[in-house]
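Read-outs: derived from the displayed coordinates by stated rules, not from any lab. Note that the structure is predicted; figures quoted are calculated from it, not measured. Backbone-built Cβ (ideal geometry, glycine too); neighbour counts: all protein chains shown.
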Amino acid sequence: MPTLTGATLMYTKIQTPGTKYQSDDKEYVVDAYVSKETAKAWNKSYPKSKAKEVENDEFVEKFEGIALPYPDQENQYLIKVKRGSTYKDGNEIPLAKRPKVFMKNAEGKLEDVTATKLVGNGSKGVVQYEEFENSFGKFVNLVAVRVDELVSYNKGGIDYSELGELSDNAPAFEDEAPKVVADKPVKTTKKVVELDEEDDSLLPF
């Protein structure tokens, strides 16, 4: 499957889908900031879903404290990759088809961390997607994200990292930023993907 490499990940909503703009429908989504060359190739392949140019000053003002993904460029380039959480009939897509988050473990093997890690703004990684066509043109669906440099999502909006490692069950405040929490507890077991160099056609990335 095709991928976006060298991406800075923003507004990643995969553990729990977010609400679509001006709609009650839900979608899994990640904003990927990529190089100008990647954006040009994307625009050529998907003219109906072109990358958005974001001025450097606008990016700095919007994401205070996060370095420009590509500081040598005059502008940053945003590609929004998403997938609806339901089919047209309103039924939710099955678990197997929902986008996932992967990270490499100590052995260098991909581990499914969708239910255990929240991807914060400024994380670095690779976005995997699949193509589809309809009467309007060629589009993509989000498949997975591989996080190579994780910025942990801060539930309370304040950085407490210097105090030590926080538990996933740390209490939050009522006036905090919107939480990214699963609607229902999800029972999962850690999945490790064995990397087979001879046959990786069925593996993510």
In region 68-95, the residues that are over 15 Å from the mean Cα position of the chain (by Cα), within 19 Å of Trp42 (Cβ to Cβ) and part of a strand (DSSP E or B): Asn75, Gln76, Tyr77
Residues being under 16 Å from the mean Cα position of the chain (by Cα) and surrounded by fewer than 13 Cβ atoms within 10 Å (Cβ to Cβ) - total across region 23-55: 0
Single residue of Gln76, Gln15, Gln22 found to be among the polar types (S, T, N, Q) and in contact with a helix residue (DSSP H, G or I) (Cβ under 6 Å, 6 or more places away or on another chain): Gln76
